[in-house]
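Engineer: The structure follows.
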Amino acid sequence: MNAWLHCLSHTPLIGFNDPAPEVLAEVNATIASARERIRVFAPELVVLFAPDHYNGFFCDVMPPFCLGVGAHAIGDFGSAEGELPVPQALAEACAASVMEQGIDLAVSWRMQVDHGFAQPLEFLLGGLDRCPVLPVFINAVAPPLPGFQRARLLGEAVGRFTRGLNKRVLFVGSGGLSHQPPVPELASADAHMRDRLLGSGKALPPDERELRTRRVINAAQRFVEDQNSLHPLNPEWDNHFLDVLSDGQLSALDAMPNAELSQLAGKSTHEIKTWVAAFAALSSFGNYRTQGRYYREIPEWIAGFGSISAAPVSTTFARSHL
């Protein structure tokens, strides 16, 4: 029984509005190093905690958490498209176990996911289909949002389930850190956008998909010129958050109100709850130690961009590779 973790920021802007070549090379080297550690670990199962950006989950029914018993990536922003290799019986057993542990978890037999799920599978494993995956959605855009405590408890419940599988399990958290791209909000949407947010956006026509892509690219280009055009990045908060993870003090975030996080670091920063869930799952295997911590502000991607690995200190693999 072994476990490994990697948390990585995602961004739809890779390849569309990249930073300077030396910064891009630095990020690519960080991802390549993480991918090599994962290759050596050779996971038999990936548990992927990730958000959505109104591509698969909408305000007609917005669960705080959802496990995909089947899942398909749509390929937005040039990310990989196709079916995720979800082991159905294992996913159903995981959902049942989490519910029995007191966490309300929705399930979907036809989960639609976007770059938030696809990018970590591409970047860290080389593709969507390289390893069986349990995809776990955490709502990070549509109020009411789950808080840090519920995300932690979800992760712990998933971790306890996987601990009994006698498999090499890779936990992945996808998203964040500080950022607030132009994601629409139901409260201020016009009639057309409101209809999209209420569910019709699940099958956007190609021209509207292209307009959405261009809107985000244009916002990023303006943000590079004027970092007050959107919510500013907050490297101080981002590094504090990474310290909390590294110190294993996940419960220290439990009482933080959602509104405070939005004000500090931007409304899309709620994606970091995927990192909390992933670290909480890992903590079910015992005390852990982190490595490969990386952080950089990248305004071209409207992101405080981070990457970090971890493993339980008690495992054979961790003793050899941490």
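The values are calculated or read from the model by the stated rules, or taken from the named source; none is laboratory data. These numbers come from a predicted model, not from an experiment. When we count neighbours, we look across all protein chains shown, and the Cβ atoms used for this are built from the backbone with ideal geometry, even at glycine. Please note that ligands, DNA and RNA were not included when accessible areas were found on the heavy atoms of the full protein model with its side chains. Shrake-Rupley method; radii C 1.70, N 1.55, O 1.52, S 1.80 Å.
Engineer: Could you list, in sequence order, the residues of the range 270-308 that are of a type in the set (Gly, Ala, Ser), in contact with a strand residue (DSSP E or B) (Cβ under 8 Å, 6 or more places away or on another chain) and either surrounded by fewer than 24 Cβ atoms within 10 Å (Cβ to Cβ) or more than 27 Å from residue 67 (Cβ to Cβ) (or both)?
Structural biologist: Answer for the range 270-308, where residues must be of a type in the set (Gly, Ala, Ser), in contact with a strand residue (DSSP E or B) (Cβ under 8 Å, 6 or more places away or on another chain) and either surrounded by fewer than 24 Cβ atoms within 10 Å (Cβ to Cβ) or more than 27 Å from residue 67 (Cβ to Cβ) (or both): 286, 292, 304, 307.
Engineer: From 191, 219, grab the single residue that is among the small types (Gly, Ala, Ser), open to solvent by 10 Å² or more (accessible area, probe 1.4 Å), out of contact with any helix residue (DSSP H, G or I) (no Cβ under 9 Å at 6 or more places or on another chain) and farther than 21 Å from residue 290 by Cα.
Structural biologist: None of the others qualify; the one that does is 191.
Engineer: Out of all the residues in the range 179-215, which are among the aliphatic types (A, V, I, L, M), in contact with a Phe, Trp or Tyr (Cβ under 8 Å, 6 or more places away or on another chain) and part of a helix (DSSP H, G or I)?
Structural biologist: From the range 179-215, those among the aliphatic types (A, V, I, L, M) are 183, 186-187, 189, 191, 193, 197-198, 203-204, 211; that's our starting set.
In the following step, the residues that additionally are in contact with a Phe, Trp or Tyr (Cβ under 8 Å, 6 or more places away or on another chain) were identified as 183, 197-198.
The answer is 197, and nothing else.
Engineer: Residue 156 fails exactly one of the following numbered conditions: (1) in contact with a Lys or Arg (Cβ under 7 Å, 6 or more places away or on another chain); (2) assigned to a helix (DSSP H, G or I); (3) of a type outside the set (Val, Ile, Thr). What is the number of that condition?
Structural biologist: All conditions pass for residue 156, except number (1).
Engineer: I'm trying to understand the selection: among the residues of the range 157-173, which are crowded, with 20+ Cβ neighbours inside 10 Å and over 15 Å from the mean Cα position of the chain (by Cα)? Step through it out loud before you land on a result.
Structural biologist: To start, the set of residues in the range 157-173 that are crowded, with 20+ Cβ neighbours inside 10 Å comprises 157-159, 161-162, 169-173.
157, 158, 159, 161, 162, 169, listed by residue number.
Engineer: Further, regarding this structure: Has the range 49-56 got any residue that is touching a residue at least 24 places away in the same chain (Cβ under 8 Å), crowded, with 24+ Cβ neighbours inside 10 Å, part of a strand (DSSP E or B) and within 19 Å of the chain's Cα centre (by Cα)?
Structural biologist: Yes, because at least one residue in the range 49-56 is touching a residue at least 24 places away in the same chain (Cβ under 8 Å), crowded, with 24+ Cβ neighbours inside 10 Å, part of a strand (DSSP E or B) and within 19 Å of the chain's Cα centre (by Cα).
Engineer: Does the range 201-231 hold any residues that are in contact (Cβ under 8 Å) with a residue 60 or more places away in the chain and within 22 Å of the chain's Cα centre (by Cα), and which are they?
Structural biologist: First pass over the range 201-231, keeping only residues in contact (Cβ under 8 Å) with a residue 60 or more places away in the chain: 201-202, 209, 213, 216-217, 219-221, 223-224, 227, 230.
Hits for the range 201-231 are 201, 202, 209, 213, 216, 217, 219, 220, 230.
Engineer: So, of the residues in the range 139-153 that are outside any helix (DSSP H, G or I) and open to solvent by less than 50 Å² (accessible area, probe 1.4 Å), which turns out to be nearest to residue 183 (Cα to Cα)? Let's see the steps before the verdict.
Structural biologist: Step one: list which residues in the range 139-153 are outside any helix (DSSP H, G or I), which gives 139-147.
If we keep only those that are open to solvent by less than 50 Å² (accessible area, probe 1.4 Å) as well, we get 139-142, 145-147.
On the way: 139: 13, 140: 11, 141: 8, 142: 10, 145: 15, 146: 18, 147: 20 Å.
Checking each candidate, the answer is 141.
Engineer: Which of the residues belonging to the range 59-114 are closer than 13 Å to residue 136 by Cα and of a type in the set (Gly, Ala, Ser)?
Structural biologist: Within the range 59-114, 68, 70, 71, 91, 95, 106, 108 qualify.
Engineer: How many residues does the range 236-269 contain that are of a type in the set (D, E, K, R), in contact (Cβ under 8 Å) with a residue 24 or more places away in the chain, in a helix (DSSP H, G or I) and open to solvent by 30 Å² or more (accessible area, probe 1.4 Å)? Let's see the steps before the verdict.
Structural biologist: So in the range 236-269, the residues of a type in the set (D, E, K, R) come out as 236, 238, 243, 247, 254, 260, 267.
This time we only want the ones that are in contact (Cβ under 8 Å) with a residue 24 or more places away in the chain, so: 238, 254, 267.
Now narrow it down to the ones that are in a helix (DSSP H, G or I): 238, 267.
Then keep just the ones that are open to solvent by 30 Å² or more (accessible area, probe 1.4 Å); that gives 267.
Of the residues in that region, 1 qualify.
Engineer: Looking at (1) part of a strand (DSSP E or B); (2) open to solvent by 20 Å² or more (accessible area, probe 1.4 Å), can you tell me which one residue 228 breaks?
Structural biologist: Failed condition: (1).
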